[in-house]
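Nothing in this text is a laboratory measurement; each read-out follows from the coordinates by a stated rule. All values reported here derive from a predicted model rather than from experimental measurement. Note: ideal-geometry Cβ built from the backbone for every residue, glycine included; neighbour counts use all protein chains shown.
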Amino acid sequence: MLRSIFLFCLLMGVNFFTWGQRIIYRNNCLTPCADCSSSASSDMATVFEFSENLPSNSKYLWDFGDSGSPSNTSTDHTGIHQYCSPGAKTVTLTVQTGTTTTKYTQVVQIGRLPFIYLGKDEKDSTITICKGQKVTLKAFGKVGKPNYPIQIAWFPKGETTDEIVADSSGCYAVQVTEPTSGCTVEAKMQVKICGDRDPNANINKYVDAWYFGNGAGVLFIGSADFPKDTTGGLVVPEGVAKMTDPTNSLIFYTDGQKIFDRNNNPIYAVGDTTKRLNGDLSNAQGVTVIPKTSCKGCQAEYYVFTLSKNTKGENLLYYSIVDMKLNKGKGGISVLNQLVSPVPATSRLLASEGGQGFYWLVVQDMNSNTTRTYKISNVGISAPQTSVGGTQMTSTTGNGSTTKISVDWTKMAVAVPGPPRNKVDLFDFDPSTGKPTYQMSIDLGPSPPTVYGLEYSPNKDVLYVSLKGDGVSVPSTILQFDLSSKDSVTVAKSKEELYSSFEKIGALQVDPVFNTVIFVAIDGSNTLAKITNPNGLLNATDTTIVKASFVRNAVTFSTPGVTSRLGLPPSIPSPQDPSSPPSISKPKCKGTSFEFTIDQKLCDPLNNDRIDWRIYQTVLSPFPNKIGLMVPLDSTKLIYSFTGATLKFDFPVSGKYVITAAISNSCIKNFPLDAQEFDIVVLKPTQLTPVYNRICKTDALVVPTQLPISSNLQYQWSTGARTPSVQIPAPGGKVSLMLSDYATGCSVKLSTEVNFLDNPHFIPKTAYSICMDEPKPYNLQLNGKVDSLKFEWKLGSAVISTQNKVRVTLAGTYTVRITDLDNCSIDHTFAVSDKCEPTLLTPNVFTPNNDGKNDFFIPQPKSPLRAKILGLQIFNRWGELLYTSKGPEFAWDGKVNGTRVPQDSYVWQLQYESLDYPERGTLTDRGGVLVIY
């Protein structure tokens, strides 16, 4: 019995020594995480608070009982001191309130334990063995065992011996506790059995979940757009929280009083299953969960922060600790309802990721515009740092207030409910320091309705706000604001209403897996709503932007009586678990080709000697196979296989693909990893028209076509613009676009040329005609490039061509209409005349023998309509003129001065004119004719 009581007290941690005391403290251990060389302001120091909130004019004097320290005293409200030696320290707090001076003392045990490790050195924390092998882990194999009382506990089975034998995969940690101070030190060893697989490993793997409302639950499996409904253990009107592991698998969830594991089993306080957390269920944001990151042990402990009202009705900040090492890995509450600060807070808590190994807890003081930020790290909960800015929260405005931070942890929004008016305060947030910096306030109008939910778009450029009506006569609305401006008036004017209803609209929360869809809680509804394309502004004038839209029934709860209430759980990432098996890393994209790698060795330190990849155009099966492996839903949809360290592939189309990998090394052959599903966005279909020809306007709107469906596109034009389209003024020129998808890293460069053309540019400087005596069709070709232009040719009223040329077959009037992408047109008419070249018919022999047949040489036009003969001359072979005539008759009878010429060849010469081409003047033609008798 005594041993059970001692173990219970031990698991309750250092706060066992502060129960019933006026001075509370935390972080009293000189652990391997702490650095004694740090200054007194370090977040690794011991933190002291007085358990009551004294009047603001009170003065404090701390004496930390550390005479060897140069900074042994402090006058701050919160005492901070870095101890560098273990032992009992008598801490004295002298408080002066008005004329009254009161002194309080507290004996604090500062503990220190030896630095222990389980590997060959302090950096060695992983060992790989093959199946059938075992490994002995010794708590004090590298250091001497302390000669004072200690307690030993191994994780995960709870052995209390100095050493254990490990024969299965997992994270093993030994915790050594010094009872006097309650301080502990840990060492861990990740044991990997190469080829070992837990058939139950994937039952909840890659399944994030929300539990909220009246027994409601949502499972995020695969797509964020279409999660599956389930049931949970909560019946809570508002605030809820959860914790997931690095595989996006739920660990536990809570309403601030009850805690349930991923299988909806309750997690109880150690030693008493009736005790609960002290959270206030009516707080909109009164509970949050943050990992208690491990310094040298397995990640297994998590803070649950709650706000609970004191006898004055003020919210005070408390913490409890959920330790998943307890109850044989099922979890237990090891620390329950410990006061963090006596300073009253608003009814909202915000958790934020700070960096590798630490987080931030953000709280705003009541009746103040002071924000307190606590650093949560492997040392513990730091003293708060304060910042001032924004609206002062009163006991009225603070109730129901919510805070939201952007998915990249750089922007923070605070809802300030009325009456008299609703507002939202906007801050910049520095994740490295945890400090919010006030930027502006947005006036939302009179209350009621009451501002409630907030959420940023994935690109953090858009803010969504829900105003909660009364469910009867005052409507609820969801508003959208464009945050691209730094001016509060401009931001306020960008307000657009996305949805309105007489239902009570509550929390807005982006999905926890892909951060692409915002879900909406509606009180008493058996469905959740959602906002799709949340990056898209409703007032966007660019028609290429996909605007945000509201879907009322996004998830339906099929179980009778299960409904949403007002709250939805925010997400906080868990630190990376080194025990996680290898997986396919998030793809990197170079150009349009995706590259996939394996994130770690299957059996470190053994190399991944061979990796066999396969790509399937399908989705992931919702259920593991009989050996616990996640597999493609349709294995017949294999589209590509490859063997090598890195898989590179240029996907043909956007869509969902499943990729598998099998690893071989010197210990195991063809070990299959879990199949993973990827939502691939392909940029290749996107095009720019090669040439933008404009014929009317002095500027041109250049817009890419066949854009992929993605809310993560980024545009970088050669003009400097970053918009989906760009306006190019005359004179135009070459224009390029670098289109990127910031979610995948893919990019593609597109180019075009913008030309501003007028009518004369197209018209050839040619007169057109066709000889209808013997028609020879030809093409009438326009000048210049035809890109992005339309053509319509008519002869009379009939359309005869839609190209930049027309086939001329008849004389007549040809009209062309040229139309550009702006639907602007110009017309031009081509008159094609009937013109023929003059042709003369001249015999090459005649017989002037007076027999009445062929007695004369008579040249004549082939068509008298095309040519007219003006003169005729006949010459002998020596060039002597024998005959001439200027009309009206042109006929030679073969005689000279009445005497027949000898039989011979003679030269004729004609003068004529072209009736179709009179501009040519008098033309001359020559030839020969033979006289025969």
If each residue's Cβ is checked for other Cβ atoms within 10 Å, how do Asp634, Asp604, Asp255, Asp63 rank with the fewest at the top? Asp634, Asp604, Asp63, Asp255
Could you order the peptides 615-622, 157-164 from most to least packed, using the average number of other C-beta atoms within 10 Å per residue? 615-622, 157-164
In the chain, with Lys and Arg counted as +1 and Asp and Glu as -1 at Cβ, which of these residues, Val735, Gly132, Gln509, has the Cα nearest the positive end of the dipole, that is, farthest along it? Gly132
To the nearest 10 degrees, the tilt of helix 2-11 (Cα long axis) against the first principal axis of the alpha carbons of the chain is 40 degrees
What would the Debye formula give as log10 I(q)/I(0) at q = 0.14, 0.17, 0.22 Å⁻¹ for the alpha-carbon point model of region 840-931, no solvent? -0.50, -0.71, -1.10
What helix-only [θ] at 222 nm does the chain give? Using -39500 (n - 2.57) per DSSP H run of at least 4, over all residues, to the nearest 500, the answer is -500 deg cm²/dmol
List the equivalent ellipsoid semi-axes of the chain in whole Å, largest first, each obtained as the square root of 5λ for an eigenvalue λ of the Cα gyration tensor. 91, 34, 24
Arrange the peptides 745-751, 307-313, 479-485 so that the one whose residues have, on average, the most other Cβ atoms within 10 Å appears first. 479-485, 745-751, 307-313
Where does each of 380-387, 131-138 land if you order them by average Cβ count within 10 Å, highest first? 380-387, 131-138
Are there any trypsin sites (Lys or Arg not before Pro) in region 755-813 that are in a DSSP loop and have at most 12 other Cβ atoms within 10 Å? List them by number. Lys765
Debye, to nearest 20: dipole size of the chain, +1 on Lys, Arg Cβ, -1 on Asp, Glu Cβ: 1020 debye
If Cys171, Cys824 are placed from fewest to most neighbouring beta carbons inside 10 Å, the sequence is Cys824, Cys171
Cut-off is 10 Å between beta-carbons; in what order do Ser571, Ser664 appear when sorted fewest neighbours first? Ser664, Ser571
May I ask which residue of Ala88, Val832, Pro685 lies farthest towards the positive end of the charge dipole of the chain, with charges of +1 (Lys, Arg) and -1 (Asp, Glu) on Cβ and the Cα centre as origin? Ala88
Size of electric dipole in region 840-931: Cβ of Lys, Arg +1 and of Asp, Glu -1, about Cα centre, debye, nearest 20: 60 debye
